[in-house]
Amino acid sequence: MLDRSKVARELDGLMNDLFVDLSPQYERALAVWRDIAHDELFRLKVRAADTVWALPSWHGRLDSAITIDSIQRPYTAIGVDGSQVYPDRHQGVSCFLINTGIALLRYGGTFERPVIFHGEPRVMSGDQTECSISIDFVNAVRQEFEFQAGLDAQRFLTATESALIIFDGSLIFWHLDAKDVMLRTTFLPRYDALLQRYCQEQIPMVSYISGPKSRELSNLVRLKLADFDQNAHEKYAVVDRVNDAALISGFLAPGQRTILFANRAKVTMESAETVRTYFFYLHAGAEIGRVEIPAWIAQQESLVDWIAAVIYDQCKKGHGYPVALAEAHEQAVIKGPDRDFFFHLLQKKAIEGMHRCTPSTKSVRKRGATV
């Protein structure tokens, strides 16, 4: 049982660390940002910089604030999200559950089904996988299922619809940038193949990150302050706690976006050129959101403008967050009772088939704790 009075005392001791006035850091970072935005040589210096920091490449003025047009024509937003139940070693059998949710929302026009909700659960065992089952592995499988679900959702569309597939999270596969080489060599080609299908079939798709903590742009400020010496921490410590969203909020107004940036992370550069990740930030009103798109879309200015308009409209309809993604999450989420049902059904099936499935004493004890 949680001792709430002790929690309150613990929080009291952290107040000075949790609630710090960062206004001076933000103002300093924004001043440097405006300075480098006028430095035509800075972009070339960044491209030549030898640093482990995540740095983007770009064309155009860094401090450009592009006004997003209002969406004028009918469109369809398809949100895709996934959820999972990780393997539980206390349940006596190695398997996991992934549930993929789709929310298709049509705006304008006349349709027999203006709204479609769909969920697709899948159960997998260790015997069906070529990698050891870990949290990273399950997450990798979930992302593969989500990309496939976006393609499968095309069956719900008519031939004349303008539709955008919206994924939750990032198109930069950080979970494959770990030490597990098997994970990378297994899933990166699969992701590339699926993303290439979006390109080949010209299916607009985007990934949206709410409350991003990325530092690719704020790293440019640090680099400038440190005179391109990443080890000179004392020079850029003054803006250490500034991330991209905080920086961008200083020059974007609601309904505006940044220019496009190309991500240069190692895992991105290993992907096929047409599906490498580009991104821009968007002021959705309630928050700064990060929008990621593949290279083949980034090369089409009118398509980028349309995607920005759709995402902004979705955020307005969803009170700051794309409503299609919020609804997709509701289709995908696996709540506590659903998780209990899954493991209960697993044990029931084992008994019916006369298979051995013995939950640990700890698992049984947690279900029915007594004194």
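Observations, loosely collected:
- Spacing of the two label points (7 Å from each Cα toward its C-beta) at residue 196 and residue 125, in nm: 3.3
- Normalised by the number of residues in the chain, the average gap of Cα pairs under 8 Å and 6 or more apart makes the relative contact order 24 percent.
- Given R0 = 45 Å, the distance between the Cβ atoms of residue 43 and residue 94 translates into a calculated FRET efficiency of 0.35.
- Summing charges over all other residues whose Cβ lies under 12 Å from the Cβ of residue 207, with Lys and Arg as +1 and Asp and Glu as -1, gives -3.
- Net length gained if the chain between residue 347 and residue 34 were fully extended (0.36 nm per residue, minus Cα distance): 106.5 nm
- In sequence order, calculated HN-Hα J values of the stretch 208-225 (Karplus, 6.51, -1.76, 1.60; Hz; x Gly/Pro): 10, 10, 8, x, x, 10, 4, 10, 4, 7, 5, 5, 5, 5, 4, 4, 5, 5
- Shape category assigned to the stretch 66-336 from the gyration tensor of Cα positions, a/c cut at 1.5: oblate
- In range of the label at residue 286: residues from the stretch 307-330 whose backbone nitrogen is under 20 Å from the point 7 Å along Cα→Cβ: 308-330
- Label zone at residue 317, where the point sits 7 Å out along the Cα-to-Cβ direction: the stretch 187-209 residues whose backbone N lies under 20 Å: 203-209
- The length gained by stretching the chain between residue 50 and residue 115 to full extension, at 0.36 nm per residue less their Cα-Cα distance, is 18.4 nm.
- For the stretch 188-328, the square roots of the Cα gyration tensor eigenvalues, ordered a ≥ b ≥ c, give a/c of at least 1.5 with a/b no greater than b/c, which places it in the oblate category.
- Tilt relative to the chain, helix 301-317 - C-alpha long axis, 0 to 90 degrees, to 10: 60
- Compared with the dominant principal axis of the Cα atoms in the chain, helix 23-37 is inclined by about 60°.
- DSSP bridge orientation in the stretch 66-336 - percent antiparallel, rounded to nearest 5: 80
- Nearest 10 degrees, 0 to 90: helix 135-152 Cα axis against the chain principal axis: 80
- Label point at residue 22 placed 7 Å out along Cα→Cβ; residues across the stretch 269-308 whose backbone nitrogen lies under 14 Å: 288
- Sites residue 136 and residue 240 - FRET efficiency at Förster radius 35 Å, r taken between beta-carbons, to 0.05: 0.75
- Each Lys and Arg contributes +1 and each Asp and Glu -1, all at the Cβ; summed about the Cα centre of the stretch 130-221, the dipole is approximately 160 debye.
- Protection-proxy order for peptides 31-38, 283-290, 218-225, 231-238, each taking the mean of Cβ atoms within 10 Å per residue, highest first: 218-225, 283-290, 31-38, 231-238
- Residues residue 338 and residue 64, FRET efficiency given R0 of 45 Å [Cβ-Cβ distance, rounded to 0.05]: 0.50
Bear in mind these aren't lab numbers, they're just calculated from the coordinates by the rules spelled out. As the structure is a prediction and not an experimental result, all values here were calculated from the model. Glycine gets a Cβ as well: all are built from the backbone with ideal geometry, and neighbour counts include every protein chain shown.
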